[in-house]
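Below: one structure, written as structure tokens.
Values in this text are rule-based calculations from the coordinates and carry no lab data. All figures in this text were calculated on a predicted structure; none of them were measured in a lab. With ideal geometry, Cβ positions are generated from the backbone for all residues, glycine too; neighbour counts draw on all protein chains shown.
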Amino acid sequence: MTGPALNDMNNGNDDGYATVLAIALSLLLLTLGGAVLAVGDVVLARQQAGAAADLAALSAASRLLAGAGATEACASANTVAAMSGAELMGCTSDHEDVVLEVRRWPSESLRPMLRAAGSPDGAVHARARAGPPP
Amino acid sequence: MVTVEAAFATLSLGVVVALLMSVFVLLAAQLRVNDAARVAARSAALGGDDAESLASRAAPGSSIAIDRNGAVLVVEVTQTVAFPVPGLAPVVVTGRAHVLDELSALDLGGGW
């Protein structure tokens, strides 16, 4: 005689099946939600770094256009970048053009992820150029 | 029994899916207002008077406030986000951008 069929062990009823399935799916979706939040945080940091770089470059370029030197222009860019929550990492001017780079920190917990993704310091970097139209 | 259980399970799954959708909606709205604040600030820094229309084009239904603090302009674009989920209260998202008023800096600084 063989052992009881699997169903017999559970008296043949399916109680609990839907709950298990729902919990599994919920966990999957919540994990997905967590991933979306993480990516969202980086995307927002990236966007804000881009905005900071753009506005800082704009400021520096208008200083240059007004006759200021590169040092003064880059100081202005530094001010704007700092106001935007970013750090000015480099600023060079060539005639009336300014090229600069800023970085912005995403949430602490995401920095290792960014390091793994190729950012040496775990920050998001953005570059911008501004100057009179060619 | 199984039917009732499945009903509850489906309901709770629906709630989780709705939350996930809300995260997307919120993120998209935040990106929009940030962008709107950026383009508006860019224009305001150069003395443009189209900051408002630029912002409302970038983030339809948003409202903009430009705060002048010396040579510093703070542009704030706010928008009320309604979620595609019944029962979730709308949330206000704010995008902020800081610039220097380049024109006033020119006037103030003389040689600038």
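Sequence-ordered 3J(HN,Hα) estimates for segment B:39-55 from the Karplus curve with 6.51, -1.76 and 1.60 and θ = phi - 60° stand at 5, 5, 5, 4, 5, 5, 4, 8, x, x, 10, 10, 4, 5, 5, 4, 5 Hz, glycine and proline given as x. Taking every Cα-Cα distance in segment A:28-91 and sorting them into 5 Å bins starting at zero, the pair-distance distribution P(r) comes out as 4, 20, 20, 15, 11, 8, 7, 6, 4, 2, 2, 0 percent. With the convex hull drawn around the C-alpha atoms of segment B:2-109, the volume per residue stands at 78 Å³. Charged neighbours of A:Gly131, selected by a Cβ distance under 12 Å, balance to -1 (K, R count +1; D, E count -1). Using C-alpha pairs below 8 Å separated by at least 6 residues, the relative contact order for chain A is 24 percent. The Cβ shell under 15 Å around A:Thr92 holds other residues with a net charge of -2, Lys and Arg each +1, Asp and Glu each -1.
Close amide-amide hydrogen proximity is noted between A:Met89 and A:Glu101, A:Val102, A:Arg103, each under 5 Å apart and 5 or more residues distant or on a separate chain (H modeled in the peptide plane; Pro and chain starts excluded).
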